[in-house]
Amino acid sequence: MAHRVRGRRCAFTLVELLVVIAIIGTLMGLLLPAVQNARESGRSNACRSNLANIQKAMTTYEVANKEYPGYINPIGIMGDGRASWGAMMLPYIEQTQLWDELVAGRQAAAPIDVYICPSNPPRTEGGPAMSYLANTGSIQDEKIKDENDDCSIVENPGNGLFFDRTRSIGPPDVRDLEPDCQKPQRDPIIRMTAASVQAQGDGSTHTLMFSEGINALAWTGLAQSDKAWHYGFCWEDPLTIKNATTNGVSSPELVADASYRVINGVKEILPEYQGDKAPNTGVASSFHPGGVNVAFVGGAVLFLSDRISPIVYAQLMTSNRKLSDLAYGGKHDRDMPTPGPDDY
């Protein structure tokens, strides 16, 4: 009898079992967020590593060619092909074979590890996916109509770092025509160098080069895809952004509303490699909570908070505050204080 009593005392009661299960559940609930945060931290670190490698490769490109490429560039013997900045970088990221195929006009659509952020994986296996965008300046650098009813494509060299390098190449075509234009015109090609940014512009530590972008187009460069927001992230008049954000723009409207431009503001996923992206998708964006990873011309790679002031964000994108047409509250960029690390 004594032996049986001692046996009963060693067994779990139902209440004790439920308490143990509750404790285990609580510990798991505390542990899972930590694991998820650790995984996200690892993905974000991988993205920053990619940005650092891309920035170094672009620096090597600039040293070898004495200038940066455009966000879209002519390629081929006759200059009748087009390639994005990502394609122009292929020889500098150990992808010479893909570059040779692209120049020869053959299909070059392989995934490249350094172009893919783990937080933004490819949606099509084997495609030329891209997770990053180049600094293409102001969204206002577009077609305007002059007094002679001619359409002129205007880009301001002080507004960004990468520009359209195809505009003065070959005869005008339908890409330059607007319904109310008599004939197209093209402005001279803007050639940007590291020396001009450092000596004449805002300096390498105050000028953004690359950012994450969840709707970046393929690195190859697509036919009829030559807008600044196709391969780059852009800034808009900060007052326009302020008005849009305070007017309660709802999420489904973001893709159609070009006036809404704020860092990390567009989370909608568009069809991959879509050539007619809405302008506001060309914005620094990521799936990281709280902001995006960015790379500066000088090589610094930082996490930029999505709480950054729109005017500071725009100032970091301008490459020459003396030439930039950025203005806010009646003050020109050159009259504003230079943003410091505490501002972003």
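The values are calculated or read from the model by the stated rules, or taken from the named source; none is laboratory data. No experiment lies behind these values; they were computed from the predicted model shown. Quick reminder, even Gly has a Cβ in these numbers, built from the backbone with ideal geometry, and neighbours come from all protein chains shown.
Among the residues of the stretch 289-344, which ones are polar (S, T, N, Q) and within 22 Å of G42 (Cα to Cα)?
Within the stretch 289-344, N293, S305 qualify.
Of W219, W235, which residue is more than 18 Å from L51 (Cα to Cα), surrounded by 24 or more Cβ atoms within 10 Å (Cβ to Cβ) and at pLDDT 85 or above?
Exactly one residue qualifies, and that residue is W235.
Restricting attention to the stretch 27-52, which residues are closer than 17 Å to M89 by Cα and either at pLDDT below 80 or surrounded by fewer than 17 Cβ atoms within 10 Å (Cβ to Cβ) (or both)?
S49
Looking at the stretch 192-210, can you tell me whether even one residue there is part of a loop (DSSP other than H, G, I, E, B), closer than 24 Å to L102 by Cα, out of contact with any Ser or Thr (no Cβ under 8 Å at 6 or more places or on another chain) and hydroxyl-bearing (S, T, Y)?
No, every residue in the stretch 192-210 fails to be part of a loop (DSSP other than H, G, I, E, B), closer than 24 Å to L102 by Cα, out of contact with any Ser or Thr (no Cβ under 8 Å at 6 or more places or on another chain) and hydroxyl-bearing (S, T, Y).
Considering only residues that are over 22 Å from the mean Cα position of the chain (by Cα), part of a helix (DSSP H, G or I) and farther than 18 Å from N135 by Cβ, which ones fall in the stretch 313-341?
Answer for the stretch 313-341, where residues must be over 22 Å from the mean Cα position of the chain (by Cα), part of a helix (DSSP H, G or I) and farther than 18 Å from N135 by Cβ: R334, D335.
Quick check on the stretch 137-169: of everything there that is modelled with pLDDT of 85 or more and part of a strand (DSSP E or B), which residue is nearest to the chain's Cα centre (by Cα)?
G137
Got at least one residue in the stretch 316-324 being surrounded by 14 or more Cβ atoms within 10 Å (Cβ to Cβ), touching a helix residue (DSSP H, G or I) at 6+ places or on another chain (Cβ under 6 Å) and farther than 16 Å from F233 by Cα?
Scanning the stretch 316-324, I find at least one residue that is surrounded by 14 or more Cβ atoms within 10 Å (Cβ to Cβ), touching a helix residue (DSSP H, G or I) at 6+ places or on another chain (Cβ under 6 Å) and farther than 16 Å from F233 by Cα, so the answer is yes.
Criterion first (of a type in the set (D, E), closer than 18 Å to T166 by Cα and modelled with pLDDT of 90 or more) does E94 satisfy it?
no
Scan the stretch 54-63 and tell me whether some residue there is farther than 23 Å from G290 by Cα, assigned to a helix (DSSP H, G or I) and either charged (D, E, K, R) or modelled with pLDDT under 80 (or both).
Yes, the conditions are met somewhere in the stretch 54-63.
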